[in-house]
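Please treat every number below as a calculation from the coordinates, not as lab data. Everything quoted here is computed from the prediction, not taken from an experiment. Positions of Cβ are generated from backbone atoms using ideal geometry, with glycine treated the same way; all protein chains shown enter the neighbour counts.
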Amino acid sequence: MLSLRTIFNTTRQQLLSLTGGAWGWVFFSIVLLSCSPKTDDVFDASPAQRQQKAIDDYTALLTSQEYGWAMDFYPSDMALGGIAYTTRFTPDGVVEVACEMLIDNAKGDKVKYPAAKVVKSEYRIIPSLGVMLTFDTYNPLIHYWSQPSGTQSEGLATDYEFTFVSATADEIVLRGRKYGHLLRLYPLKEEATSYLNKVIQMRAQLSEIPRKRAVVDGQSLPVTVMSSHFLYDEADGTLKDIPYTYTAAGIRFYEPVVLAGVGAPELYFNTTSHDLLSPDSRMLLPLPTPLEQFCGTVKQWHFIYGATPADYDMCDELRDIMKTFISRTQKENTENVDDIYIGMNKQSVEEDMQRMVFGWSTSTSMVGVWYELRYALDMSVVDEPNLVINIKILDGGIYTGNYPQVVPVLDFIRNNNPYQLQFDDIQNPHYVRVVSQKDSSKWFALKL
């Protein structure tokens, strides 16, 4: 067998003879050198060394911020939307955590933690499938969502271990190891308590006035922005639901909202106009008009009824339908109808994610049991100047099939759209008469 040296020398002589000089040999030498194996710098270190370097880099980044990080946290199935946390990591493995909401840890250490209270625990950055951040000693603000409770062996199905996805000085993105929700961290420019108090104020201000309309490059589009969720129809008609977290400056989305081809990762609150505006100013959510505020109410507007026909503030036809609904509920379900309303669901978002409803409350006085029933509902503006809206009844909630007697009430509302609203005071309403545009003899009144 010929040795590599023999082949090398033979080839050199052939090239010299073929080209009549040294230039052929130079060419061959360049080709040979360019094809020769070379160790890439990335492989100078072993996998373990590279992983340790990543751990060191992530640790340095996490501990680099004087005030720590704002953390957009999405627990459970995202029904609550995002919750604002702050975290401050120290080089010795301690993390300081605070939350915008009160954490009543009745199923854990039996302690109530007020909003913005800082609670310390330990963290580690460890090798895993990638590199992982783990809150590995008990922190009630973090582990509240994952600790077992009753039949919930995994609590509210929320992660406390996260794998790094990307990391810069401006944003750190992690993914929950078990449930996969993204966790994002942004550098704080002020003390955690100060930041969270601003978040609390922003939530209070914005949650009272849901938005029903977005203006994108001058084009008006229907949306629903309430209860930490941004809902809109995509081009193919699919309903898109993007949760968001309140910030000190407005709201920040779990993923960018895209309307008419324009994307927005967050919206800023204008304290003068009370509009919400995207960073590039192309997407605007204006302060809702009084009619839009009614259609997106966060309150309950109650039907007015009582023991005698004179107590029913509605047309005779609906009064008879209501009376039948109430009497049949008492006779067939052995329950009293205590309230009938349109507006925000009385049940919390943890109990029922559907927020805008036609709802009613019943009770069984003998055993002291109360029930909340609902059909999902949507109210939309038809004619702003003339205060005309449409009321759409959607799907029924759990157990509504046990109350078929409510269907005629729903049919009356469905069949007499659209409605003109007659407020007692449109700027500060407490009473409204809802009159069918098809037939003005069909109407009902609602009150706060």
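Quick notes on this structure:
- Bins of 10 Å, starting at 0 and running to the largest distance - Cα pair percent for region 367-445: 16, 41, 29, 12, 1
- Mean projection area, nm², convex hull over Cα of region 144-228: 9.2 nm²
- For V223, the residues whose amide H sits under 5 Å from its own are R213, A214, ignoring neighbours fewer than 5 places away on the same chain, with H placed 1.01 Å from N.
- The distance between label points at D311 and D109 comes to 5.1 nm (points 7 Å beyond Cα on the Cα→Cβ vector).
- Taking Cβ atoms as reference points and 15 Å as the exclusive limit, the residues near L196 contribute a net charge of +1, counting Lys and Arg as +1 and Asp and Glu as -1.
- With the largest listed first and rounded to whole Å, the semi-axes of the equivalent ellipsoid of region 225-340 from the Cα gyration tensor are 43, 17, 13.
- Cα-only radius of gyration and Dmax that characterise the chain, units Å: 31.6, 120
- Where N is the number of residues in region 51-193, Cα Rg divided by 2.2 N^0.38 Å: 1.00
- Per-residue Cβ neighbour rank within 10 angstrom, fewest leading, E255, E266, E122: E255, E122, E266
- Overall Cα dimensions of region 300-447, principal axis frame, Å, largest first: 49, 37, 27
- Using θ = phi - 60° and Karplus 6.51 cos²θ - 1.76 cosθ + 1.60, couplings along region 373-378 (whole Hz; Gly, Pro as x): 10, 7, 10, 4, 9, 9
- Radius 11 Å from Cβ of R374, net charge of other residues (Lys, Arg +1; Asp, Glu -1): -2
- Listed cross-link partners K392/K442; K53/K178; K178/K346; K117/K346; K178/K212; K392/K438 are compared with a 27 Å cut-off, the Cα-Cα value being larger for K178/K346; K117/K346; K178/K212.
- The fraction of Cα-Cα pairs per 10 angstrom bin, counted from 0 for region 209-288, comes to 19, 61, 19, 1 percent, rounded to whole percents.
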